[in-house]
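Chemist: A single structure is presented below for examination.
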Amino acid sequence: MDQPILIYACTALAISLPCLYLAIILLSPPPIITRPSEKTYRSRKSLKDPLNLPSLADVGSIDLSVIIPAYNETSRLPSMLETTLNHLNSASVRQTRTYELVIVDDGSKDDTSALALKLAQQHLNSDIRVVTLEKNLGKGGAVRHGMLHARGNRLLMVDADGASRFEDLELLWKKMDELGPKNEPTVVVGSRAHLVKTEAVVKRSVLRNILMYGLHTILRIVGVGHIRDTQCGFKLFSRRAAQQIFPAQHLATWIFDVELLLLAKQLGIPVAEVPVQWHEVAGSKLNVVKDSLQMLRDLLVLRANQLTGRWKVSP
């Protein structure tokens, strides 16, 4: 009896493994393609004639790049830019830090790019670059694109809704000074974990909070449980960390933050978490149920590709 059972088991395994591998291939996202027009940017100095973007592989030439992914953000971008530039142009910061803003229009259907350029013309002392993607990639794809073409020795990703208090950049900056005083590969992430029992989170819908706790449980399983808040859109990368992480990024959807943190872990890059202030802003593009299911699928695809060796990364 044992021999037939063993034969059946081996046969089932021989059939199922190729099927599972094929499923991984079919569910995995295609490579992110950069089109010729997306390798250029416009600014107040070049409104009509796009200029070529630099490369992350180059040596950094300024202190800070602020990467802002934007999809249909004509209503929220102006106030976010105002608070951002107020801080960056304050006397204490301006005297010690050079910067650029890279706004990546993720294939918006409104006039996000035109508005961004209009705002750039109103801020003559600020280097604001606008990159327009031909098709919508997803937030992760827009962040990746901006990072791959930034000039900063440190690179900050920040959401266009202004939900995070931009002044908290200084908390992340100080922590990075401690972790990587000689510009070593380092990542510092803003965290809202300390707000879990405050009104900012308690007043959210029951469904959204249930999904949040479910996501945290899954993240512990996949290996990033040491980070209490993986999804906060306020993360600072040293240039050497960004040079290793972003070329290896595959996911362009909402869960891309988890892939970045997993890549940092695999590369041995230290990651620190710093509490920041945050508030809910109307107009979120997140569909709680649909996008949560997509996050779960993408997490499984991510881990499957890493475990099978299809997506490899090395220091």
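Chemist: Give, as a single signed number, the net charge of other residues whose beta carbon lies under 12 Å from the beta carbon of Val313, with Lys and Arg counted +1 and Asp and Glu -1. All intermediate terms of the calculation are to be shown ahead of the outcome.
Modeler: Numbers: positive: Lys265, Arg310, Lys312; negative: Glu259.
Net of charged neighbours comes to +2.
Chemist: Using the Cα centre of the chain as the reference point, and only Cβ charges (+1 on K/R, -1 on D/E), how large is the resulting charge dipole? Debye, rounded to the nearest 20.
Modeler: Details: 38 positive and 30 negative charges, 33 e Å.
Using only the charged Cβ atoms, the result is roughly 160 debye.
Chemist: If you find the alpha carbon centre of segment 111-147 and of segment 166-194, how far apart are they in angstrom?
Modeler: 24 Å
Chemist: What is the angle, in °, between the Cα long axis of helix 112-122 and the longest principal axis of the Cα atoms in the chain? Nearest 10 is fine, range 0 to 90.
Modeler: With rounding to tens, the tilt is 30 degrees.
Chemist: So how tilted is helix 288-308 from the main axis of the chain? Cα-based, degrees 0 to 90, rounded to 10.
Modeler: Orientation of helix 288-308: about 70 degrees from the principal axis.
Chemist: Using a 1.4 angstrom probe, figure out how much accessible area the chain has per residue, in square angstrom, rounded to the nearest whole. Before the final figure, lay out each step's value.
Modeler: Values: 15770 Å² over 315 residues.
In whole numbers, the chain has 50 Å² accessible per residue.
Chemist: Moving on to the next point. Quick one: length gained pulling Ser46 to Glu167 fully straight, 0.36 nm per residue minus the C-alpha distance? Don't skip to the answer; put the middle values down first.
Modeler: Details: separation 121, 0.36 × 121 = 43.56 nm, distance 2.96 nm.
The span from Ser46 to Glu167 would gain 40.6 nm if fully extended.
Chemist: Also: Is there a quick way to get the dipole size of segment 70-121? I mean about its Cα centre, with the Cβ of Lys and Arg at +1 and of Asp and Glu at -1; what is the value in debye to the nearest 20?
Modeler: Details: 5 positive and 7 negative charges, 52 e Å.
With Lys and Arg at +1 and Asp and Glu at -1, about 240 debye.
Chemist: Under the Karplus relation 6.51 cos²θ - 1.76 cosθ + 1.60, θ = phi - 60°, what is the ordered set of whole-Hz ³J(HN,Hα) values for segment 160-174, x standing for Gly and Pro?
Modeler: My calculation for segment 160-174 gives 7, 7, x, 5, 8, 6, 5, 4, 5, 3, 5, 5, 5, 4, 5 Hz in order.
Chemist: Moving on to the next point. I'd like the trypsin sites (Lys or Arg not before Pro) in segment 31-71 restricted to DSSP loop residues with at most 15 other Cβ atoms within 10 Å, sorted by number. Please list the in-between numbers first.
Modeler: Values: sites: Lys39, Arg42, Arg44, Lys45, Lys48; in loops: Arg44, Lys45.
Sparse-neighbourhood loop trypsin sites (Lys or Arg not before Pro): Lys45.
Chemist: Ile15 versus Leu307, label points 7 Å from Cα toward the beta carbon: distance in nm?
Modeler: Here the modelled spin labels are 2.2 nm apart.
Chemist: Provide the net charge surrounding Pro50, with neighbours chosen by a C-beta distance below 14 Å and charges set as Lys +1, Arg +1, Asp -1, Glu -1. Let's see the in-between values first.
Modeler: Values: positive: Arg35, Lys39, Arg42, Arg44, Lys45, Lys48, Arg129; negative: Glu38, Asp49, Asp105, Glu134.
Residues near Pro50 contribute +3 overall.
Chemist: Over all directions, the average projected area of the alpha-carbon convex hull for segment 33-84 comes to how many nm²? Can you show the working numbers first?
Modeler: Details: hull surface 21.3 nm².
Directional mean of the projected Cα hull area for segment 33-84 stands at 5.3 nm².
Chemist: Which of Leu51, Ile24, Ser79 sits farthest toward the positive end of the charge dipole of segment 15-114, with +1 on the Cβ of Lys and Arg and -1 on the Cβ of Asp and Glu?
Modeler: Of the options given, the answer is Leu51.
Chemist: Could you tell me what percent of the accessible area of the chain is made up of carbon and sulfur, with a 1.4 Å probe and every protein chain present? Present the calculation step by step, with values, prior to reporting the outcome.
Modeler: Numbers: 9210 of 15770 Å².
In the chain, the share of accessible area belonging to carbon and sulfur is 58 percent.
Chemist: Still on this model: Provide the gained length on full extension for the span His226 to Asn183, in nm with one decimal, where the gain is 0.36 nm per separating residue minus the Cα-Cα distance. Before the final figure, lay out each step's value.
Modeler: Working: separation 43, 0.36 × 43 = 15.48 nm, distance 2.34 nm.
The span from His226 to Asn183 would gain 13.1 nm if fully extended.
Chemist: To the nearest whole percent, what portion of all C-alpha pairs in segment 94-193 is separated by more than 24 angstrom? Don't jump to the answer; show the numbers that get you there.
Modeler: Working: 1431 of 4950 pairs.
It works out to 29 percent of all Cα pairs.
Chemist: On to the next question. Lys45: which aspartates and glutamates have alpha carbons under 16 Å from its alpha carbon, excluding same-chain residues fewer than 8 sequence positions away?
Modeler: By straight Cα distance, Lys45 reaches Glu100, Asp127.
Chemist: Taking 22 Å as R0, compute the FRET efficiency from the Cβ-Cβ separation of Ser55 and Asn125 and round it to 0.05. Could you put the intermediate results ahead of the total?
Modeler: Values: r = 26 Å, r/R0 = 1.17.
So the FRET efficiency works out to roughly 0.30.
Chemist: Based on the inverse mean of 1/r over its pairs of different Cα atoms, what is the Kirkwood hydrodynamic radius of the chain, in Å?
Modeler: Values: mean 1/r = 0.0483 Å⁻¹.
Result for the chain stands at 20.7 Å.
Chemist: If you stretched the chain out fully between Asn287 and Ile7, how much longer would it get, using 0.36 nm times the residue separation minus the C-alpha to C-alpha distance? Please list the in-between numbers first.
Modeler: Numbers: separation 280, 0.36 × 280 = 100.80 nm, distance 4.69 nm.
The span from Asn287 to Ile7 would gain 96.1 nm if fully extended.
Chemist: Output the 0 to 90 degree angle, nearest 10, between the alpha-carbon long axis of helix 139-148 and the longest principal axis computed from the alpha carbons of the chain.
Modeler: The answer is roughly 60 degrees.
Chemist: Between Gln95 and Arg240, what is the label-to-label distance in nm when each label sits 7 Å out along the Cα-to-Cβ direction?
Modeler: 3.0 nm
Chemist: Using a 1.4 Å probe on the protein heavy atoms only, what accessible surface does His149 show? Give it in Å² to the nearest 10.
Modeler: Using a 1.4 Å probe on the heavy atoms, I get roughly 30 Å².
Chemist: Can you tell me the order of 178-188, 244-254 when each peptide is scored by its average per-residue count of other Cβ atoms within 10 angstrom, highest first?
Modeler: Values: 178-188: 17.1, 244-254: 19.7.
Descending packing order for the listed peptides: 244-254, 178-188.
The values are calculated or read from the model by the stated rules, or taken from the named source; none is laboratory data. Nothing here was measured: the structure is a model prediction, and the numbers come from that model. Methodologically, a virtual Cβ is constructed for each residue, glycine included, from the backbone with ideal geometry; neighbour enumeration extends over all protein chains shown. Note: accessible area is taken over every heavy atom of the protein model, side chains too, but ligands, DNA and RNA are not part of it. Shrake-Rupley method; radii C 1.70, N 1.55, O 1.52, S 1.80 Å.
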